[in-house]
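I am attaching a structure below and will ask some questions about it afterwards.
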């Protein structure tokens, strides 16, 4: 799997899947459905699933089914459907372990300045997708990318926009950031669903605005995003993490058709 393969079409590529791996059966079902949608439309697809959700607000929140079990499920998805897979890592020690199972290592937004984490990810030889911190300007992300390149990651960096903190309990998307980061020479992904989170709620459970997913997605494609990131679930109300901002799986196909028409119009 190379970045060139992901960006080889005149469409966009997509990272999509459940927020966190909840079990093999569900992961395989979601992957199979999205594989059909994307192959029919010529959209390069990467299955996304966190093997562990490390940044939860409450101590009693679901964090995962166990690292090794979840990573093995990601490998099964990759091998079964012949598609790349991506997962988050949270410490330098996790990079080598996760790299044995996945094609892309994702750096969470709140860790995007951690030099040892970026270096460890680069040294695995995997593609490294760095999510922009909610507290950073788009221009500052060139330094995060440079840390990966300095450790042998030339040609293996992607950057992801995921919104900017707006007050204590909301995020906004400044779409200028997509073309600004593309100027660095790396593919830029729009994390549509995370940018619609409403964090720091008094209940300790992150809220969201899923009704705005289509709006954010259309705008991202219109301004030139190379890829889109969408967390999706068969029933978001039952998702064990981030259900408040996820896209219902049966709505994904229609959204992709609309985005393809926008991409064709702005080519």
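Go through the residues of segment 217-226 one by one and say whether even a single one is at pLDDT 95 or above, within 27 Å of residue 259 (Cβ to Cβ) and part of a strand (DSSP E or B).
no
Considering every residue within segment 173-190, establish whether at least one is at negative phi, modelled with pLDDT under 95 and either touching a helix residue (DSSP H, G or I) at 6+ places or on another chain (Cβ under 7 Å) or part of a strand (DSSP E or B) (or both).
no
Counting just the residues of segment 23-48 that are in contact with a strand residue (DSSP E or B) (Cβ under 9 Å, 6 or more places away or on another chain) and more than 24 Å from residue 257 (Cβ to Cβ), which one comes out surrounded by the most Cβ atoms within 10 Å (Cβ to Cβ)?
Residue satisfying both the conditions and the ranking: 27.
I would also like to ask the following. For residues in segment 28-69 being in a helix (DSSP H, G or I) and at pLDDT below 95, which is nearest to residue 89 (Cα to Cα)?
67
Another question about this same structure. Residues of segment 1-22 being part of a loop (DSSP other than H, G, I, E, B), touching a strand residue (DSSP E or B) at 6+ places or on another chain (Cβ under 8 Å) and either modelled with pLDDT under 90 or more than 20 Å from residue 257 (Cβ to Cβ) (or both), which ones?
1, 2, 7, 18, 19, 21
Test residue 216 against the criterion of being closer than 24 Å to residue 146 by Cα and buried (at least 17 other Cβ atoms within 10 Å of the Cβ), and give yes or no.
No: the conditions fail for residue 216.
Identify the residue in segment 91-113 that is in contact with a strand residue (DSSP E or B) (Cβ under 9 Å, 6 or more places away or on another chain) and in a loop (DSSP other than H, G, I, E, B) and, among all such residues, is surrounded by the most Cβ atoms within 10 Å (Cβ to Cβ).
Ranking the candidates gives 102 first.
Of the residues that sit in segment 130-150 and are without any contact (Cβ under 8 Å) to a residue 40 or more places away in the chain and closer than 18 Å to residue 2 by Cβ, which one is surrounded by the most Cβ atoms within 10 Å (Cβ to Cβ)?
Top of the filtered list is 130.
Another question about this same structure. Applying the selection to segment 77-89, what residues are in a loop (DSSP other than H, G, I, E, B) and either in contact with a strand residue (DSSP E or B) (Cβ under 9 Å, 6 or more places away or on another chain) or surrounded by 20 or more Cβ atoms within 10 Å (Cβ to Cβ) (or both)?
83, 84, 89 - these are the residues of segment 77-89 that are in a loop (DSSP other than H, G, I, E, B) and either in contact with a strand residue (DSSP E or B) (Cβ under 9 Å, 6 or more places away or on another chain) or surrounded by 20 or more Cβ atoms within 10 Å (Cβ to Cβ) (or both).
For (1) surrounded by fewer than 16 Cβ atoms within 10 Å (Cβ to Cβ); (2) touching a strand residue (DSSP E or B) at 6+ places or on another chain (Cβ under 8 Å); (3) at pLDDT below 95; (4) assigned to a helix (DSSP H, G or I), each residue gets a yes or a no:
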site: 230; (1), (2), (3), (4): no, yes, no, no
site: 252; (1), (2), (3), (4): no, yes, no, yes
site: 257; (1), (2), (3), (4): yes, no, no, yes
site: 264; (1), (2), (3), (4): yes, no, no, yes
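Among the numbered conditions (1) crowded, with 16+ Cβ neighbours inside 10 Å; (2) assigned to a helix (DSSP H, G or I); (3) in contact with a helix residue (DSSP H, G or I) (Cβ under 7 Å, 6 or more places away or on another chain); (4) in contact (Cβ under 8 Å) with a residue 40 or more places away in the chain, tell me where residue 74 comes up short.
(3)
Would you pick out the residues in segment 151-172 that are on the phi > 0 side of the Ramachandran plot and surrounded by fewer than 22 Cβ atoms within 10 Å (Cβ to Cβ)?
Result: 152, 155, 167.
Take segment 191-201 and flag every residue that is over 18 Å from residue 106 (Cβ atoms) and in a loop (DSSP other than H, G, I, E, B).
199, 200, 201
The values are calculated or read from the model by the stated rules, or taken from the named source; none is laboratory data. Owing to the predicted nature of the structure, the values given are computational and were not obtained by experimental measurement. Counting neighbours? That spans all protein chains shown, and the Cβs are built from the backbone with ideal geometry, glycine included.
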